[in-house]
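Scroll down for the structure; my scribbles are underneath it.
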Amino acid sequence: MDERISPAGPLTGALRLPGDKSISHRYAMLAAIAEGRSVLHNYSTGADCASTLACVRALGIGVARDGAEVAISGCGLDGLSQPSHTLDAGNSGSTIRMLSGILAAQPFPARIAGDASLSRRPMERILRPLTAMGASISAREGRYPPLAIGPARLRAIDYALPVPSAQVKTCVLFAGLYAEGSTTVREPARTRDHTEIALREFGASIAMNGRAITLEPKPRLQARELNVPGDLSSAAFFLVAALLVPGSRVLIEGVGLNPTRSSLLDFLVSSGADIRIRDLAVEAGEPAGTIEVRYSPVRGGVIEKDLTAALIDEIPVLAVLGAASGEGLVVRDAAELRIKETDRIATVADNLRRMGVEAEVFADGLRVPGKQSFRAAEFESFGDHRIAMAFAVAALAASGESTIHGAEAAAVSFPEFFNLLGSLRR
């Protein structure tokens, strides 16, 4: 599907975004192994989170969905059933990595696979700790999906993550729910802590000591009624859009403002962005509020080390903003981008160059000089939702009408994106 986007005048209005994808995945998996009926409000509308629900349903769990409200009839820690077919994670790395931690402890075999893109994404980062816990797990060519997981009794592990990864942390902690003894995960840099919060909300005993997280095994998880806050990663596209288009003022309501995700707002504010927070409240351990963003020239900056890990998903759209900033953007320590849905270093640079924007590529990042203008272009999404959305935002500041080829990729995480973006045009 092609999406044509013309340059925009001031963007104005208020938005309420679909539920946070990271939280939606975790709530659904924990609700499946909790006791009783959980109700999740504002569950993510993206295809990735639908893949998690499909996998949960295939494991014998009752799932009823009415738009953004999902009811899950949990079976308790030991109540999952052997699936009759290979579990399909679709395009969702979150689904396959996190759910594998639960599958590794089951008394039945299971296989989990995904689409062509997911089948190219390496899984060693979960294979290593799960194998150390005693899991029977194998992968195609030793590293790629599908994963074949056999019955196993797991032992506890004290595991130091080699690189920061909330998905790998979650996989190990979910496996630790079933292990013999206390499981500890040590992070080299702090990652999003939605898993720790959700485990506690569902009744697990979990303790944080600096960057070490310790989980006690065999809890009785209890069903919950929970609201999923709006997705801050999705908000990033509208924040950048408002910062690119002169005269813009946008309110984004009910957005998750977890401190482990605040690096995006911190980076933008430190770069000169006019961003303010209103109506801050905390529900089920997750803070949320309204973000007000006004057009303001930004300086740009450097994203490296721990900041890179914190902003890894937002780098494509921040690269677009960097080209229009005063000093440009430099991204380092981002080799992880090479193994996302696409090689995002290459695909970001490719589309920037189509707009006449200079971009220098490194093995682990890129440099985008500032004070550049955007010419109209034909972009490729390369089947990557974040690339499609990042360059839809770039097109708002282009010299004429641009076209996004493969724009349907946005539906993986944010099917409402183009309609909401259009609603801000006056």
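Data overview
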item: Simple Cβ-charge dipole of the range 21-227, Lys/Arg +1 and Asp/Glu -1, about Cα centre, in debye nearest 20; result: 420
item: Calculated from backbone phi, Karplus (6.51, -1.76, 1.60) coupling profile of the range 403-410 in Hz, x at Gly/Pro; result: 10, 9, 7, x, 5, 4, 4, 4
item: Stokes-Einstein D in µm²/s, Kirkwood radius over Cα pairs - the range 274-398 at 10 °C with 1.306 mPa s viscosity; result: 104
item: Cβ-placed point charges (K, R +1; D, E -1), dipole of the chain about Cα centre in debye, nearest 20; result: 440
item: 222 nm mean residue ellipticity, helices alone, for the chain (DSSP H n ≥ 4; -39,500 (n - 2.57); rounded to 500); result: -9000 deg cm²/dmol
item: The range 21-227 - convex hull of alpha carbons, volume per residue in Å³; result: 100
item: Long-range amide H partners of Asp274 with built H, under 5 Å; result: Arg294, Ser296
item: Per principal axis, descending, Cα span of the range 257-340 in whole Å; result: 35, 30, 17
item: More than 23 Å apart - percent of Cα-Cα pairs taken over the range 335-426; result: 23
item: Value of relative contact order over the range 21-227, rounded to a whole percent, pairs C-alpha under 8 Å and six or more apart; result: 22
item: Two-decimal Rg/Rh across the range 61-124, once Rg and the Kirkwood Rh are taken from alpha-carbon atoms; result: 0.99
item: Glu35, Glu187, Glu378 arranged by Cβ crowding within 10 Å, fewest neighbours leading; result: Glu378, Glu35, Glu187
item: Karplus (6.51, -1.76, 1.60) ³J(HN,Hα), θ = phi - 60°, over the range 187-204, in Hz, Gly and Pro reported as x; result: 9, x, 8, 5, 10, 3, 10, 4, 5, 4, 5, 5, 4, 5, 5, 7, x, 6
item: Rounded if a/c under 1.5, otherwise prolate or oblate - the range 91-192, Cα gyration tensor axes; result: oblate
item: Residues whose placed amide H lies under 5 Å from that of Leu77, excluding near-sequence neighbours; result: Leu221
item: Reachable lysines from Lys305, criterion Cα separation under 22 angstrom, eight or more residues apart if same chain; result: Lys169, Lys340
item: Label-point separation in nm, Met1 to Arg155, each point 7 Å along Cα→Cβ; result: 5.1
item: Residue order, fewest to most surrounding Cβ atoms within 10 angstrom, among Arg249, Arg120, Arg97; result: Arg120, Arg249, Arg97
item: Antiparallel DSSP beta bridges within the chain, percent to nearest 5; result: 70
item: Interchain or long-range residues, amide H under 5 Å from Glu180's placed H; result: Leu154, Arg155, Ala156
item: Over the range 1-90 - Rg/Rh using Cα atoms and the Kirkwood inverse-distance radius; result: 1.14
item: Cα-Cα pairs of the chain separated by more than 36 Å (percent); result: 23
item: Shape call, the range 205-349: gyration tensor on alpha carbons, a/c limit 1.5; result: oblate
item: Whole-Hz ³J(HN,Hα) from phi, Karplus 6.51 cos²θ - 1.76 cosθ + 1.60, for the range 303-319, glycine and proline x; result: 10, 7, 6, 4, 5, 4, 4, 6, 10, 4, 6, 8, 4, x, 6, 5, 5
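Throughout, read-outs are computed from the coordinates displayed, never taken from laboratory work. Given the structure is predicted, the values throughout are model-derived calculations rather than measurements. All Cβ positions, even for glycine, are placed from backbone atoms using ideal geometry, and neighbour counts span all protein chains on display.
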